[in-house]
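The values are calculated or read from the model by the stated rules, or taken from the named source; none is laboratory data. Note that the coordinates shown come from a computational prediction; the quantities given were computed from them, not determined experimentally. Reconstructed Cβ throughout: ideal geometry from the backbone, glycine too, with neighbour counts over all protein chains shown.
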Amino acid sequence: MKNFFSIVIVAYFFCPYIFSETIDISMVEEQTIKNNPHLKAAQLDLNNVKQEYASAFSLFLPKIVFSGGISDTKNEMQSSDTIRQYSLALEGSLSLFEGFSSYNELKEKFAKLKIAQANYDRTVSDIRYEAHYCYANLMWAYETVSLLEKIKERRKENRDLIQLKYNSGNADISSLKRCDADVALAEYNLERAKRNIQTASAALLNVIGRIDDITILEPLDHLWYKGEILAKPDFNTLIVTIPEFLNAQHNFEMYKYINRKSKSQWLPYINLSGNVSKNDLHWVPEAQILDYRLTVSYPLFTGGKRYRDVKIASNHMKVASYKLAATVSSLKTKAVEYYNNLVDACEIIATRAFYVEASKLQSEISTKKYINGLCTYYDWYSIENDYIAAQQNLLDAKKTASIEEAKWLNFIGKGFDKQ
């Protein structure tokens, strides 16, 4: 039994294809939406702000309070008896005018809701980007293993070729040793790439919310590239839909209403209130008192507080306007940068693919020449390395294009389609 568990542990750590589970990008998104703890926390935060906005409507509704009580009174000078009294009361009040403070507070809460929505959209987009990034890294890890297996076999074939040359006296020992080192390095790179599959699987499991899972994930997709270049967008139109812009815009709106609310302190307050109460020696009390009043109040002096409040609110609004302008400028710069990075990453793939084909052809020709003694070892060896490097560069270029596409979609605030 002990040997069985030892085999299982060794197999898990040294064979990344055991205990694997296939997954595609659609499954990645679905599981992320369902399980990601950061996404769930963001949803609750947004819901809290929605509740705060809904509660702001209570400012326009009357306040009604019901109360009742029982009291015992004992007057020892007149009698030893205890007098018990019962009371019931219904009180209500309604603010008729408060200098538009309630209206501006409602608009402030609405602006905060819009800010919270923009922040939530940014969080969702960031989580989507992280999921797509980790999935692209997983695809790249598997495709790297596949490529390195081919490179390892090619290094062995080259080593065998030099071994024959060395046995026939047409190659020196240093050339053979160099090829032996290439085989050893290829074997190491392959094993490291297999371990990287475990790392990439763990990272993706974390993003999709399967925190305690140790399954090795295997992608059903390959690094995607459709060969299409994204049409250049109108950056001025694009940025007004980005969460950072919406956040800054609604932040300015919020301080605008805060500024208006602070100015309402200079206007009078009008309040209507009423009271219906019963107080008697019997239950239920019969004696009834009806009281209602209309009050108008205006603070004549507050020690300069109103002036300072208005000044502070005005400054906050100006700061928000400056931040909005800075955000617009920054987003335009980033839009150009991310778009150009995406175009560069897509365009280089065709060049890398062409370079692989050219290097392959050159490698085939130089190998034949070297076998027939028509080119030197160093020329042949250099061309072989170029061909291997070209294949790795092409694979890396595909990964870069996938990530740059995810970065662009994250920049514009792309969320989950099925959410």
Worksheet item: When you look at residue 273, is it in a helix (DSSP H, G or I) and either at pLDDT 80 or above or surrounded by 16 or more Cβ atoms within 10 Å (Cβ to Cβ) (or both), yes or no?
Response: no
Worksheet item: Out of (1) surrounded by fewer than 14 Cβ atoms within 10 Å (Cβ to Cβ); (2) in contact (Cβ under 8 Å) with a residue 12 or more places away in the chain; (3) assigned to a helix (DSSP H, G or I); (4) not small (Gly, Ala, Ser), what's the single condition that is false for residue 391?
Response: (1)
Worksheet entry | Residue check for residue 89: more than 23 Å from the chain's Cα centre (by Cα), surrounded by 14 or more Cβ atoms within 10 Å (Cβ to Cβ) and at pLDDT 75 or above | yes
Practice prompt. Keeping to the stretch 175-202, report how many residues are under 30 Å from residue 21 (Cα atoms), basic (Lys, Arg) and surrounded by fewer than 18 Cβ atoms within 10 Å (Cβ to Cβ).
Written response: 2
Practice prompt. Kindly establish whether residue 101 is of a type in the set (Gly, Ala, Ser) and without any contact (Cβ under 8 Å) to a residue 60 or more places away in the chain.
Written response: no
Worksheet item: Can you spot a residue in the stretch 132-146 that is part of a loop (DSSP other than H, G, I, E, B), among the hydrophobic types (A, V, I, L, M, F, W, C) and crowded, with 16+ Cβ neighbours inside 10 Å?
Response: no
Practice prompt. Quick one: count up the residues across the stretch 194-239 that are in a loop (DSSP other than H, G, I, E, B) and under 23 Å from residue 342 (Cα atoms).
Written response: 14
Item to complete: Out of 120, 53, report the one residue that is of a type outside the set (A, V, I, L, M, F, W, C), under 30 Å from residue 29 (Cα atoms) and at pLDDT 85 or above.
Response: 120
Item to complete: Tell me, please, whether a residue that is in a helix (DSSP H, G or I), more than 49 Å from the chain's Cα centre (by Cα) and on the phi < 0 side of the Ramachandran plot can be found in the stretch 176-193.
Response: yes
Discussion item. When you check residue 244 against the structure, is it touching a residue at least 40 places away in the same chain (Cβ under 8 Å), in a helix (DSSP H, G or I), among the acidic types (Asp, Glu) and more than 19 Å from residue 331 (Cα to Cα), yes or no?
Written reply: no
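Assess whether residue 374 counts as being outside any helix (DSSP H, G or I) and exposed (fewer than 15 other Cβ atoms within 10 Å of the Cβ).
Yes.
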Practice prompt. Give the stretch 363-377 a look and list any residue that's of a type outside the set (Ser, Thr, Tyr), more than 14 Å from residue 157 (Cα to Cα) and in contact (Cβ under 8 Å) with a residue 40 or more places away in the chain, or say none.
Written response: 373
Item to complete: Tell me which residues, restricted to the stretch 38-74, are assigned to a helix (DSSP H, G or I) and within 24 Å of residue 275 (Cα to Cα).
Response: 57, 58, 59, 60
Discussion item. With the requirement that a residue be more than 44 Å from the chain's Cα centre (by Cα) and of a type in the set (D, E, K, R), what does the stretch 354-398 give you?
Written reply: 364, 368, 369, 379
